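The values are calculated or read from the model by the stated rules, or taken from the named source; none is laboratory data. Small disclaimer: the values here were computed from a predicted structure and weren't measured. Because the Cβ atoms are built from the backbone with ideal geometry, glycine has one as well, and the counts that use them run over all protein chains shown.
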Amino acid sequence: MTSQWQESDPDGPSEADIERFGGEFKTCPDCGDEVYDQAEFCTACNHAFNIEAEPTGIPAWAMVMGAAVLIAILLFGVIL
């Protein structure tokens, strides 16, 4: 079954691709509204999509360096 837009745009996605990858809309998990699949925020409730949380806390390399400095200070204090 060929949709109307495919008849005017033969280079567009096939019906099989649309079924496989979905349409151009997704449903907001918070409010259920339909938004564009590449939207970063829901236009109805401002739910954030695909926003990676920025790392918080002390990075691992800083913890290792802090521990190494602390051990060096303790060893230096014991030697003197």
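Just one residue in the set GLU40, GLU15, GLU34 is out of contact with any Pro (no Cβ under 6 Å at 6 or more places or on another chain) and modelled with pLDDT under 80; that residue is GLU15.
Report yes if ALA53 is at pLDDT 75 or above and of a type outside the set (S, T, N, Q), otherwise no. Taking the combined requirement at face value, the residue does not satisfy it.
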